[in-house]
1. Please find, within the stretch A:291-340, the residue that is nearest to A:V127 (Cα to Cα) out of those that are out of contact with any strand residue (DSSP E or B) (no Cβ under 8 Å at 6 or more places or on another chain) and more than 14 Å from chain B (Cβ to nearest Cβ).
2. Within the stretch B:33-54, which residues are surrounded by fewer than 16 Cβ atoms within 10 Å (Cβ to Cβ) and on the phi < 0 side of the Ramachandran plot?
3. Give the number of residues within the stretch A:107-141 that are at pLDDT 95 or above and hydroxyl-bearing (S, T, Y).
4. Of all residues in the stretch A:1-52, how many are out of contact with any strand residue (DSSP E or B) (no Cβ under 8 Å at 6 or more places or on another chain) and assigned to a helix (DSSP H, G or I)?
5. Across the stretch A:426-468, which residue is surrounded by the most Cβ atoms within 10 Å (Cβ to Cβ) among those that are of a type in the set (F, W, Y) and in contact with a strand residue (DSSP E or B) (Cβ under 6 Å, 6 or more places away or on another chain)?
6. Looking at the stretch B:227-243 only, could you name the residues that are part of a loop (DSSP other than H, G, I, E, B) and aliphatic (A, V, I, L, M)?
7. Can you find a residue in the stretch A:247-260 that is under 23 Å from A:S385 (Cβ atoms), in a helix (DSSP H, G or I), away from chain B (no Cβ under 14 Å) and out of contact with any His (no Cβ under 7 Å at 6 or more places or on another chain)?
There are 2 protein chains.
Amino acid sequence: MYEMHFGVPMSGAVLNNINTRLDARTVSVLLKHAGSKLVFVDPALLQLLRDALRLLPPGHPAPRVILVEDPHEEEFPSAADPSMLTYERLLEEKGDPEFDWIRPRSEWDPMILNYTSGTTSAPKGVVHCHRGLFLVTVDSLIDWAVPPQPTYLWTLPMFHANGWSFPWGMAVVGGTNVCMTRVTAATVYAAIARHGVTHLCGAPVVLNMLANASDAARKPLPAGKKVRILTAGAPPPAAVLQRAEAIGFEVSHGYGLTETAGLVVSCAWKGAWNRLPATDRARLKARQGVRTAGMAAIDVVDGETGRSVPRDGSTMGEIVLRGGCVMLGYLNDDEATRAAVRDNGWFYTGDVGVMHPDGYIEIRDRSKDVIISGGENISSVEVESVLYGHPAVNEAAVVARPDEFWGETPCAFVSLKQDAAGTVTPADVIAWSRDRMPRYMVPKTVVFRAELPKTSTGKIQKYVLRNLAKEMGSTRKGASSSSSKM
Amino acid sequence: MYEMHFGVPMSGAVLNNINTRLDARTVSVLLKHAGSKLVFVDPALLQLLRDALRLLPPGHPAPRVILVEDPHEEEFPSAADPSMLTYERLLEEKGDPEFDWIRPRSEWDPMILNYTSGTTSAPKGVVHCHRGLFLVTVDSLIDWAVPPQPTYLWTLPMFHANGWSFPWGMAVVGGTNVCMTRVTAATVYAAIARHGVTHLCGAPVVLNMLANASDAARKPLPAGKKVRILTAGAPPPAAVLQRAEAIGFEVSHGYGLTETAGLVVSCAWKGAWNRLPATDRARLKARQGVRTAGMAAIDVVDGETGRSVPRDGSTMGEIVLRGGCVMLGYLNDDEATRAAVRDNGWFYTGDVGVMHPDGYIEIRDRSKDVIISGGENISSVEVESVLYGHPAVNEAAVVARPDEFWGETPCAFVSLKQDAAGTVTPADVIAWSRDRMPRYMVPKTVVFRAELPKTSTGKIQKYVLRNLAKEMGSTRKGASSSSSKM
């Protein structure tokens, strides 16, 4: 997949990475929508691909399949049909060392197609051009201050918005790429120690995994060398940031979307903040931040009037972005493109946030995740960030549960740390919350689960939890309820 | 001048920094050629500007003059005519804090005008657009791996190709700018110690000045902190690089021209090279290097056929560059623009170099500085780099001297280190050179001078020396001559 990030665009084609954890039906939908002509596939996924191809509508031209054999893959050493064209054979038989790469006619020519994960709607095909990808690549290198020749660990899947541009970024700075098949706390700590990893990226769930790792899984970080983590993809709870830094990771926090090709908002850190207590530092670092140098503008606007919200850190509005990293549009979906990119190039993110007096934005929620209780907007992220502070809590997700009186009330799904099971009850968590947040924000329902449902990119699937909450039926006015081990 | 780099383009105007060491006649020529409408001037230069304005042709509209008073300037505390408009009064009386900056209609709109120093021809006005300056700015930050919030010392004049883009670069990374009126070894060492300087730029003459500083002028570099120097503007002699690194500076080396807005070729350093002896390291670091990420291509071509020279490290050709940092063109000089930017966007630098087998280029000379002796091309830079290795030599410049038989022979102008005067003769230097270079390259003439003539940007003025060499008359076949203290 790393080589594809270079070879495919340099051959004049558009690269579409497919999430390796999708099912055959979805893969089939994407292949059809993208009009894919050529598919490179790992032996471990060959059966899935064959199933997907069978699901293509009759008459749809089937893409050519090329098998990328993997000498490091133990489970599927000889899964290949010997008659199939393999990547290595293709290079050997048809590769031309003198091939002069095909430059785009225009820097605005498409180069990448990425499908959004589509938790609520059909996947949308985000198209980026050479220019936008160049911009986000150099922008991210500067923003994270990546030095020459780093050692980069691929904890972030490369199919996730092109690994936030770092396949190209690592090439610019001559980095070493360390790839892994399975990302667990033990494999990550082992890879860091073995390869002298200096940089890695990951959603807050990865941070959380590393911070809450058992002693057996954990290896000490290389002495005298900083291990830098760039986190994004979801608002990181301050408590998780604090724990990761206590272990010795140097965490940077940014924000971006598939539609911006990578991170375009950054929690630019001020030296003076280092003198603050750890909890204040973590609270400041949990803010998404300011625009990067590659973007023209960022704002938080009222969804109805389109006007900037006050810079008060409390008035919620939609986060909007403008600049060179914004996508060309959604493939074959002009309507969705027009809805997302409006008013002379402003991209409407669908994320709800606030603007602080110092110009830093902070995400409060995805629009659809906001809980509206008795007319009050409750940020599920804010409630979760308090729950993460509870010593027994491993992960927490808060969604709306229907309520006869209030309309909706906050319902928290919580997984506990390994050694905490049985030591705490849902009622304890509710009581603990009451001491730490306004009454209307306190979860009326707390549900313990062994694990929270997640997307392939490690995001908690709130729509699954929202359905569970709906199935639980309405809470009654004023009542709190809780259940365990659903 | 730092503020002008932002305020002028943001008001929709084009910024032209004028070299502060030019004479009134040249300033007058530039003001006329540029059609300047507004001139901001320092009190120390007010008289010079008035002289220049008087030299404008009759009827030429005089630009408006605004005095930038300098509270730190001791010599000219009250030079201002009280009736003159000052910068501070302009801001106070006409400044609008609500002013929304004027964005360019197109990123290709001109933003900067820089006049080349014009050692041989009339100054040419190099025009760069917003896009090119953005590219070179982010490119230089990545290439030099500038971290957030560095402390940058302005040893490089800001009027010299906009300080190689670092006025904007320092703003991107939130740097602290330390400015100085007078750049000497003592003031630079003092500023580094006082402000904890982490980064500075300078031509090799600055490196040489720091490396050869007396003990009285030198202060130890801050303990535990690296001081990084980026050098460019002339090929740095390996001996000077070696001495600077021995003191503790971490030197990076790049290459660019006014026409590329900053450095676009970089001696990208390989880890394996750190295991080489210091002399080999310095020799490798003296090569200009490979293109930066912001450029599309670099090559060394035969001046007549336009074909790439072999990658053998010895065949000389003209260095050519293509990519986003190349200028829009020369102001009002289409002929010069067409001569410089040809063949679909290739910029012909006028620098003569070689391509090494590993793809690194090394400059051998400016075209006009090459010495042609008996049909052999001699790189003055190569001869100089040997002379710099002589323990008594402070600076060296080699030019062509007419010769009855050979056509030209190398003539070296040399300044000695302070404590070396009287310990060495020109004949010693010639004998020393004979042991270290091919016979045809050995200077037939060595002239000692207290100081070598320099441009305002610290480059040695070879045309002055070339004229001196011409005035000395032809050398006779086979004879060596030398003179001292001309």
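1. Looking only at the stretch A:291-340, we keep the residues that are out of contact with any strand residue (DSSP E or B) (no Cβ under 8 Å at 6 or more places or on another chain), and these are A:293, A:304-306, A:334-335, A:338.
Cutting the leftovers down to more than 14 Å from chain B (Cβ to nearest Cβ) gives us A:304-306, A:334-335, A:338.
Values: A:E304: 28, A:T305: 29, A:G306: 26, A:D334: 12, A:E335: 15, A:R338: 14 Å.
Selected residue: A:D334.
2. Going residue by residue through the stretch B:33-54, those that are surrounded by fewer than 16 Cβ atoms within 10 Å (Cβ to Cβ) are B:35, B:37-38, B:44, B:47, B:50-51, B:54.
Correct list: B:K37, B:L38, B:A44, B:Q47, B:R50, B:D51, B:R54.
3. Going through the stretch A:107-141, the residues at pLDDT 95 or above turn out to be A:107-114, A:125-141.
Restricting the remaining residues to those that are hydroxyl-bearing (S, T, Y) gives A:137, A:140.
Number satisfying all stated conditions: 2.
4. 17
5. If we filter the stretch A:426-468 for residues that are of a type in the set (F, W, Y), which is where we start, we get A:432, A:440, A:448, A:463.
This time we only want the ones that are in contact with a strand residue (DSSP E or B) (Cβ under 6 Å, 6 or more places away or on another chain), so: A:440, A:448.
Numbers: A:Y440: 15, A:F448: 21.
Here the answer is A:F448.
6. Within the stretch B:227-243, the subset part of a loop (DSSP other than H, G, I, E, B) is B:232-237.
The answer is B:A232, B:A234.
7. yes
Okay, residues lined up against (1) closer than 30 Å to A:L207 by Cβ; (2) in contact with a Lys or Arg (Cβ under 6 Å, 6 or more places away or on another chain); (3) not polar (S, T, N, Q):
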{"position": "A:D302", "(1), (2), (3)": "no, no, yes"}
{"position": "A:V309", "(1), (2), (3)": "yes, no, yes"}
{"position": "A:M316", "(1), (2), (3)": "yes, yes, yes"}
{"position": "A:F347", "(1), (2), (3)": "yes, no, yes"}
{"position": "A:E362", "(1), (2), (3)": "yes, yes, yes"}
{"position": "A:D369", "(1), (2), (3)": "yes, yes, yes"}
{"position": "A:G375", "(1), (2), (3)": "no, no, yes"}
{"position": "A:E384", "(1), (2), (3)": "yes, no, yes"}
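The values are calculated or read from the model by the stated rules, or taken from the named source; none is laboratory data. Treat the numbers as computed from the prediction; the structure is a model and nothing was measured. Virtual Cβ from ideal backbone geometry, glycine too; neighbours counted across all protein chains shown.
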